[in-house]
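All of the numbers you see were taken from the coordinates with simple rules; none came from a lab. This structure is a prediction, so every number in the text was calculated from the model and none was measured. FYI the Cβ positions are ideal-geometry reconstructions off the backbone, even for glycines, and counts take in every protein chain you see.
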Amino acid sequence: MINMKISNIGVSFQNKTVLKDISAVLKGGELTSIIGPNGTGKTTLIKSIARLIKSRGDVVLTDSHGNSLSKNSIAYVPQMSTTTTELSVFEMVLLGRVKDLTWKVEKHHIDAVTQMLKDLGLLSLSYFPFCKLSGGQRQLVTMAQALVSKPKVLLLDEPTSALDLRHQLQVLDIAQQYTKQTGAITLVVLHDLALVARYSDNILLLHDGKIVKKGLPKDVLDPNLLQEVYKVEVDVSVSNGGYTTVTPIRPIIPIRSSIVC
Ligand SMILES: Nc1ncnc2c1ncn2[C@@H]1O[C@H](COP(=O)(O)OP(=O)(O)OP(=O)(O)O)[C@@H](O)[C@H]1O
């Protein structure tokens, strides 16, 4: 089983501290959600783990024998791809295999891309230019590109933000299945706490650049804790179908007075 040890991650931008002493241990086969209010450092944390930005502290990824795994084992899917490439959807997803490609594209690469496009319902868009896709379609293609690279660590930054209800479930189902079947570590930034409750093995709750709680969904999705962090009264309940729902009731401080100009 792979293991990721995050120790004392800290990030500052122009002397402003954005992340402080973030430490956690993540295990293979588990999907962990990162939640917290806007601007609290979720994207910064995921980018630090992907080593896309400089940070203090350490991220050590090891296999079951304790050997270090390289940065190439990590796939990062950003919040929204703004790529203006004329490449087709098929070519974009094939780029996920770039580490394995030589001068020739082998049949197994084509098959892997075709299967991924099928799984995500994108096959009919195979030869459509990526730059002409809708926001949601781009999100699905970027996810497909990440998955065909068979990452040991899958980092997803708000992967459902542009998706309709069906595609939200589809993407998170696929991320969960991938995590369980391959033993990968998956970290997902999400705002929808009902989806968080449904798909997470663990949750990291961030506030003001710090982890205020980490643990199982039942422990982190606590109404009092959520009220304290999000400054909103919430109802956490279980539906007849057995799904946890988190309903915002009202802000505990008037919205207008919380706006800082
Ligand atoms: N390159 C940068 N330069 C300066 N400040 C930055 C930079 N990137 C992020 N920040 C600041 O760091 C803070 C955390 O940003 P981050 O994007 O990590 O938050 P987030 O929790 O992902 O927010 P959201 O939920 O709104 O996406 C914000 O105050 C943001 O303005």
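Can you give the Kirkwood hydrodynamic radius for the chain, in Å, rounded to one decimal and based on Cα pairs?
Working: mean 1/r = 0.0514 Å⁻¹.
19.5 Å is the Kirkwood radius here.
Equivalent ellipsoid of the range 81-149: semi-axes from √(5λ) of the C-alpha gyration tensor, largest first, are 19, 13, 10 Å.
Take every DSSP beta bridge whose two residues both sit in the chain; close to 60 percent of them are antiparallel.
Straight-line cross-link partners of residue 180 among the lysines, defined as a Cα under 22 Å from its Cα and at least 8 positions apart when in the same chain: 5, 27, 71, 118, 150, 152, 214, 218. Residues considered: 18, 148, 105. Largest GNM mean-square fluctuation over the chain, using C-alpha springs under 10 Å, is found at 105.
Sorting 116, 80 by the number of Cβ atoms found within 10 Å of their own Cβ, with the fewest placed first, yields 80, 116.
Peptides 120-130, 166-176, ordered by how many other C-beta atoms sit within 10 Å of their residues on average, highest first, read 166-176, 120-130.
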